[in-house]
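What follows draws every value from the coordinates through simple rules; no lab data is involved. Quantities reported herein were computed from a predicted structural model and do not represent experimental measurements. Cβ sites come from the backbone with ideal geometry, for glycine too, and all protein chains shown count toward neighbours.
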Amino acid sequence: MSDHIVPIRTYFVIFMTLLIFTLITVGVALVDLGRFNVVVALAIAGIKATLVVLFFMHVRWSSPLTKIFIAASLFWLAILLGFTAADYISRAWTPLGLSW
Amino acid sequence: MSTVPVEPVVEAPRNYLNASYGVKSWLLTTDHKRIALLYLVTITILFFLGGAFAVMIRLELATPQGDLMTPDTYNKMFTLHGIIMVFFFLVPSIPATLGNFLVPMMIGARDMAFPRINLLSWYVLTIGAVISISAAVMGGVDTGWTFYTPYSTTYSNTYVTLMAVGIFIAGFSSILTGLNFIVTIHTMRAPGLTWFRMPLFIWSHYATAIIIMLGTPVIAITLLLVGAERTLKLGIFDPALGGDPILFQHLFWFYSHPAVYIMVLPAMGVVSELITCFSRKRIFGYSFVALSSVAIAILSFLVWGHHLFVSGQSVYAGMIFSLLSFMVAVPSAIKVFNWTATLYRGSISYDTPMLYAFGFIGLFTIGGLTGLFVATMAIDLHVHDTYFIIAHFHYIMVGGTVMAYMGGLHYWWPKMTGRMYPEGWAKFSALVLFVGFNLTFFPQFILGYLGMPRRYYAYPEEFQVLNVMSSAGATILGVGYLIPLVYLFWSMRYGERASSNPWGATSLEWQTPSPPPTENFTVTPVVTEEAYTYSHEAPEHV
Amino acid sequence: MSDTATVPALQEHVHGPLKHQFDDIAQQHEADTLGMWLFLATEVMFFGGMFTGYSIYRSQYHEAFAAASNHLDLLMGTINTGVLIGSSLTMAMAVHAAALGRRRALIICLIATMVLGCGFLGIKAYEYHHKFVENLVPGPNFHFEGNSARETEVFYSFYFAMTGLHAIHMIIGVGILAVLTFYAWWRGFHPQNKHIEITGLYWHFVDIVWIFLFPLLYLVGHHEK
Ligand SMILES: [Cu+2]
């Protein structure tokens, strides 16, 4: 937890950055980048979320424990997404057999 | 009552039980010890309700023909048995009763970090249970406790949505309990109680809380989506729209496999306490036992696909899940080996809690080893959805969790009530339970291996002998549960008064009177040494 | 749902400075903050279940999802993103004001946050209404012109489930803010307690959910138009 007082100016800077990133992500979405549209959109969303977490939610100044909790929840989300996706991705692969 | 037991009138010291009287003082309490007792009452009722459904199942299966009930009724019986036992008994059983009572006491705290949230969690469970029981009374549910789609979303015309709502609400009870555990253990330990001085009971409850916090929300959203699909006609899992029922199974088992560890980790914590206390020895390999709980909490989330081997999951994913399922056995095995090593050359006394601990180790080992059978894809193809699976998870859940729950209940009964239970009756019923349990479920391994599928109300003649054995065992098992119900009630009034530390145990909850005062400790304890500093001497039975 | 937990959590925090189970205020604050972060961890998994489902289907029904996404109102979605980010700014300023004990500034910031939150919900309601009119609400009346109408219904199922749950979180957030405003106004604000900060964490979390929902729902198909 933080008793750190962040200057109001920082909040405004973050706010403007978030708005600019929003406009960028909309702009990029209108350009065809093929598969990379999703990648860029999610990367920008990730940056925006990180800014909110670090500054608006004061995690930059938080205890290591808070950071561990956040990391743990993201890790578990990755487990859920990753292992489920692993099934769907490999479902279409040829079953073992001929080549073995 | 014609004879009044002659007892010297002693001014009972102030404790959490006599601090205030009346229904309101219980229903509005924020004392974690009273909340634990509220949970104990609720859970006991739900346990016997779930047991009643089991009786119906075993009665029907006493004969090969379906003669007692219609197939539809039978479907509802095993569904309700599973739902009540899993979501309303096993998941809250040890954490909400023993955990609630003991976590603050073992770490030397006055209460949980959020006492009102603690009370709220009991109300939430009760409301969830009432809703689920209403669903049962109004007409029941026939999907099995697993709610597999598309049957649950499209075809079943039973009270699936209402039941899902009940379970959804009950899920919040475990989330709130888990949240309280983690925050309490992090912030409220007594001076000197470092992490590696904590009793293993606390470690296992911490690990359990991790699973609760990260798994329960997923079953919540999954059941919510099933409900939304039924009522709002969303198409999330509906194959008619291109939805995928296997996605439901992924989400469901992401919670429901780790949920097995929500049930069994606290049981392991109880057993660690019992084994050390009744063999008067320091636990063998403390840090291995402690950290294996955390390892289980993490690994248990990586194996859920072993429930999908025959569901159309990719073979490659199946291989990985199979391999990881073998790995999750390692930390469990570490615990079993360390308990055994602790027993070695200990001065063992065979009090009732210890009998249950022995029961746990043996039965859990059988359940765990057969778990390795079914984690093997080739064998699972053969035994999937047979009675082999039923037997396997009952060895874990009943042979493991319920045995440890009974052991813990006896062990801490003097602390909770200030009275001893009658040792003779308790030993007798522990024996009855052990015999009844094995007679009920061991034949089911054989039945399953021979090919009897689960969830059928009739079966071929050749399976009758084993089924009758199982039903007979269930009767003995039922008696084994009823005896403690009677004598524990009896002991609350007529039991011998318990001293503050009847077992000569070392953890903090025994350093305060039985029953403890509302504030747990008159002086905040200071911890100066590791847990389990037993000195090999027999306990003084005071 | 997950929200039932925050309301009592709030009541838990609104009263008295030091509660009996704690030794000092620092311990109590640590517990409160930790409790909120843990709750948010459960929320990550709660929304995570839906994000997982969405990701699986999107990878399978790429075209259908793009086509369906193009029927969402990009302008409204963008405006709403801005509104929500703005509400996060005012929320952060409310926490700032609370930490400095500035009661007037606090009340103004809380009200501004509520207004922006309600603005978001209003725009969302407008969008929902349009989807009703266009028969894009899943169910018997669903109608989508073009190929793969079945899969677009899956997209809209996720659209309504995800934005709907997000909106419910917003509504609860606004409710909590209303209670806090009332306390700040009526009972005088106690600068030591951290209810504002804890509610702020919740509010920012809900904002973050939207930060991911926006590209996933509104932006997946526009380059293919
Ligand atoms: Cu499993």
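Summary table below
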| read-out | value |
| --- | --- |
| Relative compactness, the protein assembly as shown, computed as alpha-carbon Rg over 2.2 N^0.38 Å | 0.97 |
| Charge-dipole axis of chain B as Lys and Arg at +1 and Asp and Glu at -1 on Cβ define it, positive-most pick from B:123, B:145, B:255 | B:123 |
| Cα-based reach from residue A:48 at 14 Å (exclusive), listing aspartates and glutamates while leaving out same-chain residues under 8 positions away | C:207 |
| Electrostatic dipole magnitude of chain B [Cβ: Lys, Arg +1; Asp, Glu -1; Cα centre; debye, to 20] | 820 debye |
| Listed residue (B:416, C:209, C:154) projecting farthest to the positive dipole end of the protein assembly as shown, Cβ model | B:416 |
| Size of charge dipole - the protein assembly as shown - debye, nearest 20, with Cβ of Lys, Arg +1 and Asp, Glu -1, no other charges | 1320 debye |
| Loop-resident sites, the stretch C:126-225, for GluC sites (Glu not before Pro), counting at most 16 other Cβ within 10 Å (DSSP) | C:134, C:145 |
| 3J(HN,Hα) from dihedral phi, the stretch B:297-303, Karplus parametrisation 6.51/-1.76/1.60, rounded to Hz, x for glycine, proline | 4, 7, 4, 4, 8, 10, 10 |
| For the stretch B:43-109 versus the stretch A:24-94, the gap between their alpha-carbon centres in whole angstrom | 40 Å |
| Electrostatic dipole magnitude of chain C [Cβ: Lys, Arg +1; Asp, Glu -1; Cα centre; debye, to 20] | 600 debye |
| Over 28 Å (Cα to Cα) - which of B:415/C:19; B:233/C:124; A:67/B:281; B:76/B:233; B:33/B:427 fall in this group | A:67/B:281 |
| Distance histogram in 20 Å bins (all Cα pairs of chain B, percent per bin) | 22, 57, 20, 1 |
| Shape call, the stretch A:1-61: gyration tensor on alpha carbons, a/c limit 1.5 | oblate |
| Alpha-carbon centroid distance for the pair the stretch B:219-237 / the stretch C:88-155, whole angstrom | 21 Å |
| Gap separating the Cα centres of the stretch B:405-452 and the stretch B:155-171, nearest whole Å | 31 Å |
| Nonlocal amide H pairs with residue B:419, under 5 Å, H built at 1.01 Å | B:498 |
| Share of Cα-Cα pairs in the stretch C:25-224 lying beyond 25 Å, as whole percent | 43 percent |
| Top of C:59, C:87, C:69 by mean-square fluctuation, Gaussian network on chain C, Cα under 10 Å | C:59 |
| Farthest toward positive dipole pole in the protein assembly as shown [+1 Lys/Arg, -1 Asp/Glu at C-beta], among A:42, A:10, B:178 | A:10 |
